[in-house]
Amino acid sequence: MRVVAHCPKCDAGLPVSAAEAPESIKCGRCGHVLSLAFTESLRRDAKVDNCPVCGGADFYIRKDFDPKVGLTVVIVGALISAVFYWYGEDLVAYSILAAAALIDLIVYGRLGDVTVCYRCHSEFRGKYERTATYFDLHTADVLEQEYERKIGRR
Ligand SMILES: [Zn+2]
Ligand SMILES: [Zn+2]
């Protein structure tokens, strides 16, 4: 399992391998040392039970989507289609546009889910069993405030 921990001081994303389970990592941006507590399930990539950064047990799932990839497909499709349009091949031009939109949908549908910690926003990627539910705004509000008080942001 690959984990991206977020530095409580400066929010930098810090990649960690759960299999190696380091006891702490140092933030590359601000030098803050983060102590980590990996559970056995995290180490074995079985499931996300407790967050190694904040110890919380509340997570949500979201699509692991990189908007840049989707946008590139659409832009490239539009450019190719413009060339055909220029040569009067309207039908071909529209087909290419439609194909680009379709590829975009397929790419989006095939993306894996990533589990995110409600409190500290650590991200967990791996083959583990997905047990978390989708994002809930109310839960996020309550838990984020609790965490930010704990790390002294409020
Ligand atoms: Zn930092
Ligand atoms: Zn956390």
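Things worth noting here:
- Scanning the stretch 1-27 for residues that are surrounded by 13 or more Cβ atoms within 10 Å (Cβ to Cβ), part of a loop (DSSP other than H, G, I, E, B) and either more than 16 Å from ligand 2 (Cβ to nearest atom) or not hydrophobic (A, V, I, L, M, F, W, C) (or both) yields a total of 4.
- Here R153 fits the description: within 16 Å of ligand 1 (Cβ to nearest atom) and either out of contact with any His (no Cβ under 8 Å at 6 or more places or on another chain) or modelled with pLDDT under 95 (or both).
- Complete set of residues in the stretch 95-119 that are within 16 Å of ligand 2 (Cβ to nearest atom) and in contact with a helix residue (DSSP H, G or I) (Cβ under 6 Å, 6 or more places away or on another chain): Y118, R119
- Selected residue (only one of D49, D58, D45 is at pLDDT 95 or above, at positive phi and more than 16 Å from ligand 1 (Cβ to nearest atom)): D45
- Residues of the stretch 28-42 satisfying the condition of being more than 13 Å from ligand 1 (Cβ to nearest atom), without any contact (Cβ under 8 Å) to a residue 40 or more places away in the chain and either farther than 18 Å from E148 by Cα or surrounded by 12 or more Cβ atoms within 10 Å (Cβ to Cβ) (or both): L36, A37, F38, T39, E40
- Flag if K47 is of a type in the set (K, R) and loosely packed, with under 12 Cβ neighbours inside 10 Å: no
- Comparison of A12, A101 shows that the only residue that is away from ligand 1 (no atom under 16 Å from the Cβ) and either among the small types (G, A, S) or modelled with pLDDT of 95 or more (or both) is A101.
- Qualifying residue in the stretch 79-92 (condition: of a type outside the set (V, I, T) and touching a residue at least 40 places away in the same chain (Cβ under 8 Å)): no
Residues checked against (1) in contact with a Leu (Cβ under 6 Å, 6 or more places away or on another chain); (2) among the acidic types (D, E); (3) under 14 Å from V3 (Cβ atoms):
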| site | (1), (2), (3) |
| --- | --- |
| E40 | no, yes, no |
| G56 | no, no, yes |
| Y60 | no, no, no |
| L71 | no, no, no |
| I80 | no, no, no |
| Y87 | no, no, no |
| D90 | no, yes, no |
| S95 | no, no, no |
| L111 | no, no, no |
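- Single unsatisfied condition, V142 versus (1) under 26 Å from K9 (Cα atoms); (2) in contact (Cβ under 8 Å) with a residue 24 or more places away in the chain; (3) away from ligand 1 (no atom under 16 Å from the Cβ): (2)
The values are calculated or read from the model by the stated rules, or taken from the named source; none is laboratory data. Computed from a predicted structure; not experimentally measured. Every residue, glycine as well, gets a Cβ built from its backbone with ideal geometry; the counts of neighbours run over all protein chains shown.
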